[in-house]
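A.B. asks: What follows is a single structure, and I will ask about it in a moment.
The values are calculated or read from the model by the stated rules, or taken from the named source; none is laboratory data. Keep in mind it's a predicted model, so treat the numbers as computed, not measured. Positions of Cβ are generated from backbone atoms using ideal geometry, with glycine treated the same way; all protein chains shown enter the neighbour counts.
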There are 2 protein chains.
Amino acid sequence: MDAPIIHGGGITEAAAHFGGTPEDWLDLSTGINPCPAALPAIDAGVWHRLPDRHVEEAARIAASRYYRTDGLMPLPVPGTQSVIQLLPRIADPAKRSAIFAPTYGEYARVLKAAGLVVDSVTCADDLQAGYGLAVVVNPNNPTGRLIPPDEVLAMAQAMRAHGGLLVVDEAFGDLEPEASVARHVAACDNLVVFRSFGKFFGLAGLRLGFIVANPPIEESFREWLGPWSVSGPALALSAKLMEGDTQRIRAGIAQRKAALDAVLCSAGLQVVGGTGLFALVEHERAHDLHAALCKAHILTRKFDYNPRWLRIGLAPDAGGDRRLAEALNRGGV
Amino acid sequence: MDAPIIHGGGITEAAAHFGGTPEDWLDLSTGINPCPAALPAIDAGVWHRLPDRHVEEAARIAASRYYRTDGLMPLPVPGTQSVIQLLPRIADPAKRSAIFAPTYGEYARVLKAAGLVVDSVTCADDLQAGYGLAVVVNPNNPTGRLIPPDEVLAMAQAMRAHGGLLVVDEAFGDLEPEASVARHVAACDNLVVFRSFGKFFGLAGLRLGFIVANPPIEESFREWLGPWSVSGPALALSAKLMEGDTQRIRAGIAQRKAALDAVLCSAGLQVVGGTGLFALVEHERAHDLHAALCKAHILTRKFDYNPRWLRIGLAPDAGGDRRLAEALNRGGV
């Protein structure tokens, strides 16, 4: 099996190679809100006890409202990665799988490792080939391409014609609620939506995501994960945060993204995509630029499959913006 | 597939049936230390970032010392249940599996659900039959039976003779460090040890366990769980707690267990087993006693397979002890 892709959380390796302690580094390698939501007070019992049903139910109800699922109760999972690991189990092994590419690399890695044949596809028409499973990340990472909900639903219809499933990963969808198809899952039995909690709220360390799926698929994931798969603090905190002031979080992210865009523009870099949580830069020698920023102890995300791309996340404050701006000035790439 | 067994964390259901709010109930249905260790201060970044390697490494080093693994680095996992879910993958599907019974029910449930043939065994000689996988919980839940390490190692040898694996679940082993075989894993390639973090430290809501296994098996579990399977706070807190004053926790548990034993003795109940974290009572009509305690909003653990057993966990304080004593007096069963 291929080794897991290093993406985000790789500061330790970067510091070992380029020097400095992990704390010194400015981590722009992820798409995580750099200004974590303040942790609300939670009942001390959620640390102590096995997560009890009423704690899980409260999180599910909050998630159904926050993700606007039209009443369907999302299933809390210990991070989207945990359900990507299980994805081969919902794929028909006799059929090929399709992934809208380029995108988050863990889908192809995990499906291929399970022995499935995976095709990279680029447009809805490609789904006519009769895949057992198709995965689309929307908005896409790293390009930011956003497919309107009616087109996503048409893709689900096309998949249904051949008895296939469509998984829509809306990990970066919190800033684009109108584009979500979560509200259509209840009426579309072959549609599954993955949501990530940690990116928008800036709490990726919690390990929490939700899946929106109809009973047979939702029950399968629940069974495979087993009881108590999500920590009590994650359930309790997320319920409060999803019902809290998400507008303020949204405004904070918008301010940080505007600052990043300004830095990149001043540096003369060409932004070719992104979402509210990161920008995708195209550069003739993006790997050299990545290395130059590493020398300034700033970690960004490069892509083996495209040496012209660099993904740059949000800095936590104006000091971080300046540090990036200065490194780009000095970089001379 | 059978529904997951309801064990621990079932206060919501009990309250729905017998009245009261979950907060009113005295939960003696688990084997969790009722006096959670105080949460040490942790770096705020562990909530925010994907768990970075240096956070995981610190937890592994602390775990190798705390579990006395003779240098082998335990793998953090999001609760022992998460690896029980994966256990069918290390079992040879062409061979039968053996479980030392009676014990924690999730092993048989998960292995059978995966289509494996599972035999209940009771003594080491039974392993001569040539199983692909054998599971022994030691000390055992709910009986408390403790197999000395040399006998466990002999069982591992017997399993090796047929190319089989021995999994030793030491979830209740923190109070019996001398009985652990964790230090022998490095020299015994077919031995795997599961440790639970939450029971002894009273932090089951964290969802954290460790597995002690040699590289090929350890790597397989790591691969199946995928990256970032354990939350950052769980890793950071556990590292500090395992290096903290565990002697005080041990003394607190001993005091609570002595109080439970005194209550059960005064009530004339026959204690036939247990560990430092629970007592196993034998009673002619244990299910009636369970129901009588439920009416007093005290949840204990009954067993479908043995209507004469009741497992009773530790109360958090003297008030809880008195409440149990009074309910047992009034119960009149």
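A.B. asks: For residues that are closer than 20 Å to A:SER238 by Cα and among the small types (Gly, Ala, Ser), scanning just the stretch A:9-37, find the one that is surrounded by the most Cβ atoms within 10 Å (Cβ to Cβ).
C.D. replies: The initial filter retains those residues of the stretch A:9-37 that are closer than 20 Å to A:SER238 by Cα, namely A:31-37.
The next check asks that each one be among the small types (Gly, Ala, Ser); those that pass are A:31, A:37.
On the way: A:GLY31: 26, A:ALA37: 21.
Selected residue: A:GLY31.
A.B. asks: Considering only the stretch B:29-48, I want to know if a residue exists there that is within 14 Å of chain A (Cβ to nearest Cβ), in contact with a strand residue (DSSP E or B) (Cβ under 8 Å, 6 or more places away or on another chain) and more than 17 Å from B:GLY198 (Cβ to Cβ). Even if it seems obvious, please write down each step before you answer.
C.D. replies: Applying the first criterion (within 14 Å of chain A (Cβ to nearest Cβ)) to the stretch B:29-48 yields B:29-48.
Narrowing further to those that are in contact with a strand residue (DSSP E or B) (Cβ under 8 Å, 6 or more places away or on another chain): B:29-32, B:34.
Retained after the next criterion (residues that are more than 17 Å from B:GLY198 (Cβ to Cβ)): none.
No, the conditions are met nowhere in the stretch B:29-48.
A.B. asks: Here's another thing I want to ask about it. Is it the case that some residue within the stretch A:85-107 is surrounded by fewer than 22 Cβ atoms within 10 Å (Cβ to Cβ) and at the interface with another protein chain (Cβ under 10 Å from one of its Cβ atoms)?
C.D. replies: Within the stretch A:85-107, one or more residues are surrounded by fewer than 22 Cβ atoms within 10 Å (Cβ to Cβ) and at the interface with another protein chain (Cβ under 10 Å from one of its Cβ atoms).
A.B. asks: Can you pull out the residues in the stretch B:230-240 that are surrounded by fewer than 24 Cβ atoms within 10 Å (Cβ to Cβ) and within 13 Å of chain A (Cβ to nearest Cβ)? Let's see the steps before the verdict.
C.D. replies: Restricting attention to the stretch B:230-240, the residues satisfying the condition of being surrounded by fewer than 24 Cβ atoms within 10 Å (Cβ to Cβ) are B:236, B:239-240.
Listed by number, the list holds a single entry, B:ALA236.
A.B. asks: Taking the stretch B:38-49 only, how many residues are surrounded by 14 or more Cβ atoms within 10 Å (Cβ to Cβ) and farther than 26 Å from A:PHE200 by Cα?
C.D. replies: 1
A.B. asks: Turning to a different aspect of this structure: Any residue that is farther than 18 Å from A:THR275 by Cα, among the acidic types (Asp, Glu) and in contact (Cβ under 8 Å) with a residue 60 or more places away in the chain - is there at least one of those in the stretch A:105-113? Give the steps one after another, and end with the answer.
C.D. replies: Going residue by residue through the stretch A:105-113, those that are farther than 18 Å from A:THR275 by Cα are A:106-113.
Now drop any that are not among the acidic types (Asp, Glu), which leaves A:106.
Now narrow it down to the ones that are in contact (Cβ under 8 Å) with a residue 60 or more places away in the chain: A:106.
For the stretch A:105-113, residues farther than 18 Å from A:THR275 by Cα, among the acidic types (Asp, Glu) and in contact (Cβ under 8 Å) with a residue 60 or more places away in the chain: present.
A.B. asks: For the stretch B:207-222, give me each residue that is farther than 17 Å from B:ARG53 by Cα, within 11 Å of chain A (Cβ to nearest Cβ) and part of a loop (DSSP other than H, G, I, E, B).
C.D. replies: B:ARG207
A.B. asks: Right, next: Would you tally the residues in the stretch A:195-206 being more than 7 Å from every other protein chain (Cβ to nearest Cβ), crowded, with 24+ Cβ neighbours inside 10 Å and not in a helix (DSSP H, G or I)? Walk me through how you get there before you give the answer.
C.D. replies: Restricting attention to the stretch A:195-206, the residues satisfying the condition of being more than 7 Å from every other protein chain (Cβ to nearest Cβ) are A:195-201.
Add one more test, that the residue is crowded, with 24+ Cβ neighbours inside 10 Å, and what stays is A:195, A:197-201.
Cutting the leftovers down to not in a helix (DSSP H, G or I) gives us A:195, A:197.
Summing the residues that are more than 7 Å from every other protein chain (Cβ to nearest Cβ), crowded, with 24+ Cβ neighbours inside 10 Å and not in a helix (DSSP H, G or I) in the stretch A:195-206 gives 2.
A.B. asks: Name the residue, out of B:ALA187, B:ALA161, B:ALA156, that is surrounded by 15 or more Cβ atoms within 10 Å (Cβ to Cβ) and in the same structural domain as B:ASN214 (by TED's automatic domain parsing). Outline the logic, then answer.
C.D. replies: Numbers: B:ALA187 fails: surrounded by 15 or more Cβ atoms within 10 Å (Cβ to Cβ); B:ALA161 fails: surrounded by 15 or more Cβ atoms within 10 Å (Cβ to Cβ).
None of the other options fit; the residue is B:ALA156.
A.B. asks: Quick check on my filter: what residues within the stretch B:59-83 are more than 14 Å from every other protein chain (Cβ to nearest Cβ), assigned to a loop (DSSP other than H, G, I, E, B), within 24 Å of B:GLY226 (Cα to Cα) and in contact (Cβ under 8 Å) with a residue 24 or more places away in the chain?
C.D. replies: Residues satisfying the conditions are B:TYR67, B:THR69, B:GLY71, B:LEU72, B:PRO74.
A.B. asks: Quick one: which strands (runs of 3 or more DSSP E) sit completely within the stretch B:259-314 and have at least 3 residues that are hydrophobic (A, V, I, L, M, F, W, C) and closer than 23 Å to B:ALA171 by Cβ? Before the answer, list the steps.
C.D. replies: Working: elements: B:270-275, B:278-282, B:309-313.
Output list reads B:278-282, B:309-313.
A.B. asks: To continue, here is another question. Kindly indicate whether any position in the stretch B:219-237 is in contact with an Asp or Glu (Cβ under 8 Å, 6 or more places away or on another chain) and over 27 Å from A:SER231 (Cβ atoms).
C.D. replies: no
A.B. asks: Here's a follow-up. Can you find, within the stretch B:73-84, the residue that is farthest from A:GLY232 (Cα to Cα) among those that are over 16 Å from the mean Cα position of the chain (by Cα) and buried (at least 22 other Cβ atoms within 10 Å of the Cβ)? Show your work before the answer.
C.D. replies: Step one: of the stretch B:73-84, the residues over 16 Å from the mean Cα position of the chain (by Cα) are B:73-75.
With the extra rule that they be buried (at least 22 other Cβ atoms within 10 Å of the Cβ), the set shrinks to B:74-75.
Working: B:PRO74: 23, B:LEU75: 21 Å.
By that ranking, first place goes to B:PRO74.
A.B. asks: So if I check each of A:PRO22, A:PRO36, A:PRO74, which one is under 23 Å from A:ASP245 (Cα atoms) and either in contact with a His (Cβ under 7 Å, 6 or more places away or on another chain) or in the same structural domain as A:HIS297 (by TED's automatic domain parsing) (or both)?
C.D. replies: Working: A:PRO22 fails: under 23 Å from A:ASP245 (Cα atoms); A:PRO74 fails: either in contact with a His (Cβ under 7 Å, 6 or more places away or on another chain) or in the same structural domain as A:HIS297 (by TED's automatic domain parsing) (or both).
Result: A:PRO36 is the single residue among A:PRO22, A:PRO36, A:PRO74 that is under 23 Å from A:ASP245 (Cα atoms) and either in contact with a His (Cβ under 7 Å, 6 or more places away or on another chain) or in the same structural domain as A:HIS297 (by TED's automatic domain parsing) (or both).
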